[in-house]
Amino acid sequence: MQQKVHELSVATQGKGLFDITPAVTRWVSAQGLTTGLLTLFCRHTSASLLIQENADPDVRTDILAYFERLAPEDPRRYVHSIEGPDDMPAHLRVALTQVQLSIPLMGGRLALGTWQGIYLFEHRCHSQNRRIALHLLGD
(Lines give C-alpha, C1' and ligand atoms only; values in the text may rest on other atoms or scores of the structure.)
Protein backbone atom coordinates (compact mmCIF):
# COMPACT_ATOMS: atom_id res chain seq x y z
CA MET A 1 0.00 0.00 0.00
CA GLN A 2 1.32 3.42 -0.97
CA GLN A 3 0.28 6.95 -0.08
CA LYS A 4 0.82 9.97 -2.29
CA VAL A 5 -0.03 13.58 -1.50
CA HIS A 6 -0.15 16.74 -3.56
CA GLU A 7 -1.55 20.24 -3.33
CA LEU A 8 -3.33 21.59 -6.38
CA SER A 9 -3.54 25.36 -6.78
CA VAL A 10 -6.55 26.71 -8.67
CA ALA A 11 -6.83 30.35 -9.74
CA THR A 12 -10.46 31.39 -10.04
CA GLN A 13 -11.96 34.43 -11.73
CA GLY A 14 -14.83 34.96 -9.32
CA LYS A 15 -17.96 32.86 -8.90
CA GLY A 16 -18.26 29.76 -10.99
CA LEU A 17 -17.55 26.08 -11.40
CA PHE A 18 -13.96 25.46 -12.46
CA ASP A 19 -13.19 22.09 -14.01
CA ILE A 20 -10.18 20.61 -12.23
CA THR A 21 -10.62 17.12 -13.71
CA PRO A 22 -7.66 17.35 -16.16
CA ALA A 23 -5.21 18.51 -13.47
CA VAL A 24 -6.39 15.86 -11.00
CA THR A 25 -6.30 13.00 -13.54
CA ARG A 26 -2.81 14.02 -14.75
CA TRP A 27 -1.47 13.89 -11.22
CA VAL A 28 -3.19 10.57 -10.42
CA SER A 29 -1.87 9.01 -13.64
CA ALA A 30 1.66 10.12 -12.85
CA GLN A 31 1.58 8.24 -9.53
CA GLY A 32 1.51 4.84 -11.26
CA LEU A 33 -1.07 3.23 -8.97
CA THR A 34 -3.81 0.97 -10.33
CA THR A 35 -6.22 0.48 -7.43
CA GLY A 36 -7.03 2.79 -4.56
CA LEU A 37 -8.92 5.81 -3.33
CA LEU A 38 -8.37 9.48 -4.06
CA THR A 39 -9.51 12.02 -1.50
CA LEU A 40 -9.72 15.69 -2.47
CA PHE A 41 -10.04 18.34 0.26
CA CYS A 42 -10.73 22.03 -0.35
CA ARG A 43 -8.80 24.06 2.22
CA HIS A 44 -11.23 27.00 2.29
CA THR A 45 -14.54 28.03 3.88
CA SER A 46 -15.90 29.94 0.88
CA ALA A 47 -15.28 27.43 -1.93
CA SER A 48 -16.34 23.81 -2.28
CA LEU A 49 -15.98 20.70 -4.44
CA LEU A 50 -18.54 19.03 -6.68
CA ILE A 51 -18.76 16.10 -9.03
CA GLN A 52 -21.11 17.29 -11.72
CA GLU A 53 -22.03 16.89 -15.38
CA ASN A 54 -19.24 18.00 -17.69
CA ALA A 55 -21.03 17.87 -21.07
CA ASP A 56 -23.66 20.62 -21.13
CA PRO A 57 -22.50 24.03 -19.75
CA ASP A 58 -26.15 24.91 -19.07
CA VAL A 59 -25.93 22.63 -16.02
CA ARG A 60 -23.28 24.89 -14.50
CA THR A 61 -25.33 27.98 -15.38
CA ASP A 62 -28.39 26.53 -13.65
CA ILE A 63 -26.42 25.48 -10.57
CA LEU A 64 -24.99 28.99 -10.18
CA ALA A 65 -28.46 30.55 -10.59
CA TYR A 66 -29.94 28.14 -8.06
CA PHE A 67 -27.35 28.99 -5.41
CA GLU A 68 -27.85 32.72 -6.08
CA ARG A 69 -31.52 32.26 -5.16
CA LEU A 70 -30.76 29.98 -2.21
CA ALA A 71 -28.12 32.21 -0.57
CA PRO A 72 -28.42 35.69 -2.11
CA GLU A 73 -25.97 38.51 -1.52
CA ASP A 74 -28.26 40.66 0.58
CA PRO A 75 -26.45 42.27 3.54
CA ARG A 76 -29.80 42.79 5.33
CA ARG A 77 -30.07 38.99 5.77
CA TYR A 78 -26.77 38.36 7.59
CA VAL A 79 -24.91 39.44 10.70
CA HIS A 80 -21.46 38.34 9.45
CA SER A 81 -20.22 40.96 6.98
CA ILE A 82 -16.58 41.59 7.94
CA GLU A 83 -15.20 40.29 4.61
CA GLY A 84 -17.82 41.82 2.34
CA PRO A 85 -21.36 41.11 1.16
CA ASP A 86 -20.37 37.94 -0.74
CA ASP A 87 -18.70 36.23 2.23
CA MET A 88 -21.64 34.99 4.32
CA PRO A 89 -23.54 33.70 1.28
CA ALA A 90 -20.31 31.88 0.31
CA HIS A 91 -20.18 30.21 3.73
CA LEU A 92 -23.81 29.11 3.38
CA ARG A 93 -23.16 27.68 -0.08
CA VAL A 94 -20.22 25.66 1.27
CA ALA A 95 -22.42 24.37 4.10
CA LEU A 96 -24.89 23.12 1.48
CA THR A 97 -22.26 21.44 -0.69
CA GLN A 98 -19.00 19.80 0.43
CA VAL A 99 -15.28 20.41 0.86
CA GLN A 100 -14.22 16.77 0.47
CA LEU A 101 -14.66 14.17 -2.27
CA SER A 102 -13.61 10.52 -2.45
CA ILE A 103 -13.19 8.85 -5.83
CA PRO A 104 -12.15 5.20 -6.33
CA LEU A 105 -9.15 4.41 -8.52
CA MET A 106 -9.81 1.36 -10.70
CA GLY A 107 -7.47 0.06 -13.38
CA GLY A 108 -5.25 3.11 -12.98
CA ARG A 109 -8.12 5.53 -13.69
CA LEU A 110 -10.53 7.52 -11.56
CA ALA A 111 -13.91 5.77 -11.53
CA LEU A 112 -15.80 8.81 -12.80
CA GLY A 113 -18.89 8.25 -14.91
CA THR A 114 -19.01 9.23 -18.59
CA TRP A 115 -20.44 12.70 -17.95
CA GLN A 116 -18.84 13.41 -14.57
CA GLY A 117 -16.22 16.06 -13.93
CA ILE A 118 -14.57 17.34 -10.76
CA TYR A 119 -15.24 21.02 -10.08
CA LEU A 120 -14.01 23.63 -7.69
CA PHE A 121 -17.12 25.68 -6.89
CA GLU A 122 -15.99 29.25 -6.21
CA HIS A 123 -18.51 31.18 -4.14
CA ARG A 124 -16.74 34.55 -3.86
CA CYS A 125 -17.11 37.37 -6.40
CA HIS A 126 -13.44 38.19 -6.82
CA SER A 127 -10.52 36.12 -8.12
CA GLN A 128 -9.05 33.75 -5.58
CA ASN A 129 -6.17 31.28 -5.41
CA ARG A 130 -7.64 28.09 -3.99
CA ARG A 131 -5.72 25.12 -2.63
CA ILE A 132 -6.97 21.55 -2.94
CA ALA A 133 -5.19 18.80 -1.00
CA LEU A 134 -5.04 15.46 -2.86
CA HIS A 135 -4.38 12.19 -1.02
CA LEU A 136 -4.08 8.95 -2.99
CA LEU A 137 -3.96 5.64 -1.17
CA GLY A 138 -3.50 2.44 -3.13
CA ASP A 139 -1.37 -0.12 -4.95
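The values are calculated or read from the model by the stated rules, or taken from the named source; none is laboratory data. Predicted model only: the values in this text are computed from it and were never measured. Cβ sites come from the backbone with ideal geometry, for glycine too, and all protein chains shown count toward neighbours. For accessibility, only protein heavy atoms count, side chains too; no ligands or nucleic acids. Shrake-Rupley method; radii C 1.70, N 1.55, O 1.52, S 1.80 Å.
Here P89 fulfils each of the conditions (1) touching an Asp or Glu at 6+ places or on another chain (Cβ under 7 Å); (2) closer than 30 Å to G36 by Cα apart from (2).
Being touching a Lys or Arg at 6+ places or on another chain (Cβ under 8 Å) and hydroxyl-bearing (S, T, Y) is the filter here; which residues of segment 2-28 pass it? Correct list: S9, T12, T25. Within segment 26-52, can you find the residues that are part of a loop (DSSP other than H, G, I, E, B) and open to solvent by 50 Å² or more (accessible area, probe 1.4 Å)? If the condition is that a residue be part of a loop (DSSP other than H, G, I, E, B) and open to solvent by 50 Å² or more (accessible area, probe 1.4 Å), then G32, T34, T35, R43, T45 are the ones that fit. In the set (1) free of Cβ contacts under 8 Å to residues at least 12 places away in the same chain; (2) under 28 Å from Q31 (Cβ atoms); (3) surrounded by 12 or more Cβ atoms within 10 Å (Cβ to Cβ), A95 fails one condition alone, (2).
Would you check which residues across segment 94-110 are in a loop (DSSP other than H, G, I, E, B) and either touching a helix residue (DSSP H, G or I) at 6+ places or on another chain (Cβ under 9 Å) or at pLDDT below 95 (or both) and list them? Don't jump to the end; show me each part of the working.
Let us first name the residues in segment 94-110 that are in a loop (DSSP other than H, G, I, E, B), namely 97-99, 107-108.
Passing the criteria: T97, G108.
Considering only segment 53-72, I want to know if a residue exists there that is in contact (Cβ under 8 Å) with a residue 60 or more places away in the chain, crowded, with 18+ Cβ neighbours inside 10 Å and touching a Phe, Trp or Tyr at 6+ places or on another chain (Cβ under 7 Å). Yes; the residues of segment 53-72 include at least one that is in contact (Cβ under 8 Å) with a residue 60 or more places away in the chain, crowded, with 18+ Cβ neighbours inside 10 Å and touching a Phe, Trp or Tyr at 6+ places or on another chain (Cβ under 7 Å).
The single condition among (1) hydrophobic (A, V, I, L, M, F, W, C); (2) under 16 Å from the mean Cα position of the chain (by Cα); (3) assigned to a loop (DSSP other than H, G, I, E, B); (4) over 20 Å from G138 (Cβ atoms) that A55 does not satisfy is (2).
Among the residues of segment 111-133, those identified as in contact with a helix residue (DSSP H, G or I) (Cβ under 8 Å, 6 or more places away or on another chain) and either surrounded by fewer than 19 Cβ atoms within 10 Å (Cβ to Cβ) or not in a strand (DSSP E or B) (or both) are L112, H123, R124.
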